[in-house]
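Every number in this text was worked out from the coordinates using simple rules, so none of it is lab data. This is a predicted model, so every value here is computed, not measured. Backbone-built Cβ (ideal geometry, glycine too); neighbour counts: all protein chains shown.
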């Protein structure tokens, strides 16, 4: 299992990558900055499972909290509204 | 660039929340998916990869379980359980039944 590198409350940025293959990080969240809400556990890497490999070592998965206004520039709801997305560690960097 | 299936945030109509009844063939496709998972021949990620490989036109036009049929078929061929030739022969047989 890969070592978890982030703690709840830490600021992280989703890398703005456009790789090939099957990925589980939605396009709309790439490049956005959020806060680690919780560590969800470690799981075989879906990008590897998709290619018929075992996905090991397991990769840490986090629930990351984003302000809706950060995600959607024209968002007209409350500035306190948030969106939570589950993202694997290798898609995150320290913000 | 953004992959066609990765539609989150794009303008769209309302989500259809009506419950649908499943046709027999759809139940069979679902069961096939369960069997392949149990036999460790298919993961949800492999299935998604195969579905995401559809052309944008096919992705939009095919029904949910039609996408699954294609994904399961591709996986069976890649795993060496079926050959394209066997599948072609069977499809022609079924077509002749009318």
Test set (1) more than 14 Å from every other protein chain (Cβ to nearest Cβ); (2) surrounded by fewer than 17 Cβ atoms within 10 Å (Cβ to Cβ) - residue A:21 fails condition number: (1)
Among the residues of segment B:22-76, what is the count of those that are surrounded by fewer than 15 Cβ atoms within 10 Å (Cβ to Cβ) and within 14 Å of another protein chain (Cβ to nearest Cβ)? 4
When you look at residue A:62, is it surrounded by fewer than 19 Cβ atoms within 10 Å (Cβ to Cβ), in contact (Cβ under 8 Å) with a residue 12 or more places away in the chain and more than 14 Å from chain B (Cβ to nearest Cβ), yes or no? no
How many residues are under 21 Å from residue A:72 (Cβ atoms) and surrounded by fewer than 12 Cβ atoms within 10 Å (Cβ to Cβ) when one looks only at segment A:24-55? 1
